[in-house]
Amino acid sequence: MADRPAFDEYVAARSGRLLGTAYLLTRDHGLAEDLLQTALTKAWFAWSRIDGDPEPYVRKVLVNTYASWWRRKWNGEQPADQLPEPRHPDHAGSDHAGSAADGQDLWSAMGRLPRRQRAVIVLRYFDDLTEAQTARVLDCSVGTVKSQTAKALAKLRLDPAVARDSAREER
């Protein structure tokens, strides 16, 4: 326990990265801040019981809190005053317009993934966790992480927005 950082030091050192993870899970800045605050509050209450590195425990609390939130909330369409502008392919051949749209298309495709698959992708590729670490955070087997990763990547490849971007790059 002597090598474990104090809670305040841990929050100061890791909250930026944890907020990034929370944002990728929720896709909303305000919800990400709320999610991180809730997870850190839960971790604070358990801080004296955490042995060793607190990172895996805090990540697990973050992902489990996220999962419990989306089970309770309806995440359907949101009303808007105006319809969004239709997206047209960039006929001028300019690459700069496409690069911003490509990121948005991938972001939209990530939002269409089931939440468990999105969590696996965020933990594996954004947080750079191993399959075993991801399995511990999600409280599942390594095989489940592998299968959910494969399914998520397959869905991303087949997503119309991502497929359209890939076709544009091949030209």
Filter region 102-145 down to residues that are of a type in the set (G, A, S) and more than 13 Å from the chain's Cα centre (by Cα) and give me whichever is surrounded by the most Cβ atoms within 10 Å (Cβ to Cβ). A135
Enumerate the pairs (first residue in region 8-37 and part of a helix (DSSP H, G or I); second residue anywhere and basic (K, R)) with beta-carbon separation below 9 Å, excluding pairs fewer than 6 apart on the same chain, so at least 6 apart or on different chains. Y10/R4; L18/R59; T21/R59; L24/R118; L25/R115; L25/R118
Would it be correct to say that D53 is modelled with pLDDT of 70 or more and not in a helix (DSSP H, G or I)? yes
Where a residue in region 50-61 is in the same structural domain as C140 (by TED's automatic domain parsing) and its partner, wherever it lies, is surrounded by fewer than 17 Cβ atoms within 10 Å (Cβ to Cβ), with Cβ under 9 Å and at least six apart: none
Of (1) modelled with pLDDT of 90 or more; (2) more than 16 Å from the chain's Cα centre (by Cα), P5 satisfies all except one. Which? (1)
Suppose we filter Q104, Q82 for residues that are in a loop (DSSP other than H, G, I, E, B) and at pLDDT below 80; which single one remains? Q82
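The values are calculated or read from the model by the stated rules, or taken from the named source; none is laboratory data. Please read these numbers as outputs of a predicted model, since none were measured by experiment. Neighbour counts are summed over all protein chains in view; Cβ atoms, including those assigned to glycine, are modelled from backbone coordinates with ideal geometry.
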